[in-house]
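The values are calculated or read from the model by the stated rules, or taken from the named source; none is laboratory data. Not measured: the values here are computed from a predicted model. When we count neighbours, we look across all protein chains shown, and the Cβ atoms used for this are built from the backbone with ideal geometry, even at glycine.
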């Protein structure tokens, strides 16, 4: 059953107190390592008339779907993030 009202954080990928983008928990180097090891899955859900994208860290499609389902936002897993896209390597400050 789809809910009619969601509450979003204005500063973090959080909906109704649930973080829907796990990759943002980690520093850039760790993000790149997780993506490089094929452990990050893209998710999507609809709320407030918009499509919202997120991520799940998991070792299989089944595990990713189980995690997304457990968040209760109606997310669907639509694929593994296989490239770095917007994730960029940031060198350590000197």
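What the table below lists for this structure:
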item: Residues that are surrounded by fewer than 19 Cβ atoms within 10 Å (Cβ to Cβ) and either outside any loop (DSSP other than H, G, I, E, B) or touching a helix residue (DSSP H, G or I) at 6+ places or on another chain (Cβ under 8 Å) (or both), drawn from segment 23-41; result: 24, 25, 26, 28, 29, 30, 32, 33, 34, 36
item: Unmet criterion (only one of (1) at pLDDT below 90; (2) buried (at least 16 other Cβ atoms within 10 Å of the Cβ)) for residue 85; result: (2)
item: Segment 42-69, residues that are assigned to a strand (DSSP E or B) and under 14 Å from residue 82 (Cα atoms); result: 42, 43, 55, 56, 57
item: Unmet requirement for residue 48, which otherwise passes all of (1) loosely packed, with under 11 Cβ neighbours inside 10 Å; (2) at pLDDT below 85; (3) within 23 Å of residue 7 (Cα to Cα); result: (1)
item: Boolean, residue 79 is part of a loop (DSSP other than H, G, I, E, B), closer than 17 Å to residue 20 by Cα, out of contact with any helix residue (DSSP H, G or I) (no Cβ under 7 Å at 6 or more places or on another chain) and at pLDDT 80 or above; result: no
